[in-house]
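Readers should treat all values here as calculations from the given coordinates under stated rules, not as data from a laboratory. As the structure is a computational prediction, the values presented were derived from the model and not from experiment. Backbone-built Cβ (ideal geometry, glycine too); neighbour counts: all protein chains shown.
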């Protein structure tokens, strides 16, 4: 191959590892793969700021400001069901529980652990 360099051993191993990861993800049930990848992304991206157009908190605040009470109730119920009634990253679930305790239970008063919470 004239004019082309061979990839380094590190590059070859990274490509092979990425291919193995892709195959493992493809072999998983979609809900299991989603749960595992969400937890992995959360762990791997900790500390890195998201660009403004990908800020989920800001997007959620904008949506909530414009939503009707019925919409807020429906989406909040669905989100809580997703977070507390099935597989979900433990750290995210703990942050949600702490936010609920702060907003609903008042400072220093933990929410009771009921309904899968």
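Each of residue 91 and residue 18 was given a label point 7 Å from its Cα along the Cα-to-Cβ line. The distance between the two points is 2.4 nm. Of the residues 21, 80, 44, the one with the fewest other Cβ atoms within 10 Å heads the list, and the complete ranking is 44, 21, 80. With neighbour counts taken as other beta-carbon atoms within 10 Å, the residues 28, 6 rank, fewest first, as 6, 28. Gain on full extension, evaluated as 0.36 nm per residue between residue 64 and residue 37 minus their Cα-Cα distance, stands at 7.0 nm. Each of residue 81 and residue 104 was given a label point 7 Å from its Cα along the Cα-to-Cβ line. The distance between the two points is 1.6 nm.
Label the range 8-48 by shape, choosing from rounded, prolate and oblate, from the square roots a ≥ b ≥ c of the eigenvalues of the Cα gyration tensor; if a/c is under 1.5 it is rounded, and otherwise prolate applies when a/b is larger than b/c, oblate when it is not. Oblate, because a/c is 1.5 or more while a/b does not exceed b/c.
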